[in-house]
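The values are calculated or read from the model by the stated rules, or taken from the named source; none is laboratory data. Small disclaimer: the values here were computed from a predicted structure and weren't measured. Neighbour counts are summed over all protein chains in view; Cβ atoms, including those assigned to glycine, are modelled from backbone coordinates with ideal geometry.
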């Protein structure tokens, strides 16, 4: 008996793993090289800059392409295979063209219980696309995502990695309607919305003064646990005290012999 196991991209990612243009025009290469030089200079070993460089080329194409892979390999002295091995490991590096706004609906445990599955189903019906697909106007790519690390505001929808908290099917439909109408809503917290390509530049570590200035206070729900701990006089043990207590604890093996 033989078993055939086909390896590749996720089932909701159509087409080959990485496709598109194989080379960049000279003016694009020159512009990207300027940004790449600034990014690489931050690292003692150049190959450590691979992840931000992948975001940089994604800001050019909206997804990974053979041209982007080759550019990263050339800048870092790596092979295309080495770059591809890293790029295809992380889901934030897109293998198919992405819309202006990547809308991710969390369907992990808490968000699902609070209505995340219903939100995803509502958006699929409303947009006429399934998770992993892009609307015909190129505005919205819809996907379901695992935990957004925002369980205190579940169910959460992210647009280009910015938070929209406490969503419902109705509010999520209004959200994508605004995106498609060219009137992006303001996120619940964090920086103002920008396009997927602009977000990729931010993730590459390039300056974004507007986003930095927009950072506000931490939300009330996030601080609830800290507030209760203070009301009850709870605090974490001092590191030195905890270390001393650990070193003075009886050894299980010794205790069993006595």
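Only a single criterion out of (1) modelled with pLDDT under 80; (2) over 16 Å from residue 162 (Cα atoms); (3) surrounded by 10 or more Cβ atoms within 10 Å (Cβ to Cβ) is not satisfied by residue 247, namely (3). Tallying residues that are assigned to a loop (DSSP other than H, G, I, E, B) and in contact with a strand residue (DSSP E or B) (Cβ under 6 Å, 6 or more places away or on another chain) within segment 75-106 yields 2. Every test in (1) closer than 21 Å to residue 194 by Cβ; (2) crowded, with 16+ Cβ neighbours inside 10 Å; (3) modelled with pLDDT under 95; (4) not assigned by TED's automatic domain parsing to the domain that holds residue 65 is passed by residue 133 save one, and that test is (1).
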